Amino acid sequence: IRGTDDRLHQRFWNGANWSDWVDLGGGLQSAPTCFAWQNDSRLDCFIRGTDDRLHQRFWNGANWSDWVDLGGGLQSAPSCFTWRNNSRLDCFIQGTDNRLHQRFWEGSTWSDWIDLGGSIDLTTDETKIPPQTPNYPPHQPNMLSPQPASTLTSATPTFTWADGGDPDNGPEAVRRFRVRLQSSTGNTVAETGWLNDTTWTAPELADGNYTWQVQAFDGGDESAWTGVWSFTVTTSATPPEPYIQSDYTIGGPGSTFLVTVGNVPSNAHATISILEPGMADFRMLGQQFLSTNTLLLFYVYIPTSSAPGTYMLRVVITESEMAPRQSAAVPPMTLELPLTIAIATDPKEPQELPSVPVINVGHHVYLPMVRR
């Protein structure tokens, strides 16, 4: 750039960081012309000096050269470029005689100045340069979904937004958009090209936390990026709720019945009890460590001393201290089912109950009824 001190200043990106500003000196009367060539191994800068002459400084891959005075008489900034597969470099200037002048480099020496004639008056005749209408960047898009702090069960979520408009509705009358998707650590997971639509479906995402934002483009300028909205992807299936099977018949005192509790997770303890009306736990059956999403099966014996009436079967499920660390948390819950015990017509004494297999469980425990 041409600094406020009319000297050439440089700042470069090394692939990771921007350098500090480097003062390359010189005396500039206009903006510099700089470009890389020779397979990007060389960088040349040309300026109109304070003496109205063409000056050159170049980087050879290791060092900057001194300023080289190429002469001429300039009334405006030079125009320089390379061609012929970077084998030739040409510079054109508006001379002090308002004629076009050329000087070129063909690999070893500079040519003399060549007067190409013409009549140029870029410095005074403003009518020859058509006025430029400034373009105003578009407004930021309006983000719609997923909403901030959303939890999504799809690994390929769809993002939607609305066009925020454009102050001058141009250069293009319809905006295009791009979406940036990042992980919770700030790494870019995906960034689209310019989209003609206001919706986009992401590639498959792993479970985790993400952020997204959108930017608009009007064909000339880009809007600022929107703020970021966070969301969580959780595709793991929600385990079914535990339940007590209720389709069994209960006889009178002295009878037995089979109780089934389903969908009890592996990292849980189940405490089973029978309550009499208006009383605390009346008979405690026991506890058992269970297997994932399986059935707990156990027989209940109704003692002959039990009075007919309505009781409550209660199963309390809590997280086991023996649960593996990677297991999902088990929220405490209580399952209850009313039991109607009929009047016994043929009371029976307690009997040895058969062993009951537990589905998908490598072992089972018979839980006898104990009276307090």
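Remarks
- For Arg88, the residues whose modelled amide H falls within less than 5 Å of its own, excluding neighbours fewer than 5 places apart on the same chain, are Trp83.
- The distance between label points at Asp52 and Thr153 comes to 8.0 nm (points 7 Å beyond Cα on the Cα→Cβ vector).
- Working from label points 7 Å from Cα in the Cα-to-Cβ sense, the Ser87 to Met312 distance is 9.8 nm.
- Over all other residues within a Cβ to Cβ distance under 11 Å of Leu89, the charged ones net out to +1, with Lys and Arg as +1 and Asp and Glu as -1.
- Evaluating 6.51 cos²θ - 1.76 cosθ + 1.60 at θ = phi - 60° for every residue in region 228-234, the Karplus couplings come out as 8, 10, 9, 7, 10, 9, 9 Hz, glycine and proline recorded as x.
- To the nearest 10, the accessible area of Tyr243 is 90 Å² with a 1.4 Å probe.
- For region 60-184, the dipole from Cβ point charges (+1 on Lys and Arg, -1 on Asp and Glu) about the Cα centre works out to 740 debye, to the nearest 20.
- Gyration tensor (alpha-carbon) shape descriptor, region 6-162, a/c threshold 1.5: prolate
- When only Cα pairs below 8 angstrom with a gap of at least 6 residues are kept, region 1-112 shows a relative contact order of 15 percent.
- Of the two radii for region 197-239, the radius of gyration is 1.12 times the Kirkwood radius, both from the alpha carbons; that is the Rg over Rh value.
- Other-chain or far-sequence residues with amide H under 5 Å of Phe35's (modelled H): Asp44
- Rough spin-label spacing in nm, given labels placed 7 Å along Cα→Cβ, for Thr235 and Arg42: 5.4
- Amide H within-cut-off set for His101, under 5 Å, with H built and near neighbours excluded: Ile93, Gly95, Leu116
- Based on the reciprocal of the average 1/r between different C-alpha atoms, the Kirkwood radius for region 140-212 equals 13.4 Å.
- Carbon/sulfur fraction of accessible area - region 32-126, other protein chains in place, 1.4 Å, %: 45
- For region 210-227, backbone phi angles converted through the Karplus equation (6.51, -1.76, 1.60; θ = phi - 60°) give residue-by-residue couplings of 9, 10, 9, 7, 9, 9, 10, 9, 9, x, x, 9, 9, 6, 5, 5, 5, x Hz, Gly and Pro being listed as x.
The values are calculated or read from the model by the stated rules, or taken from the named source; none is laboratory data. The structure presented is a predicted model; accordingly, all values stated were derived computationally and were not measured. All Cβ positions, glycine included, derive from the backbone under ideal geometry; neighbour counts span all protein chains shown. Keep in mind that these areas ignore ligands, DNA and RNA; they rest on the heavy atoms of the full protein, side chains included. Shrake-Rupley method; radii C 1.70, N 1.55, O 1.52, S 1.80 Å.
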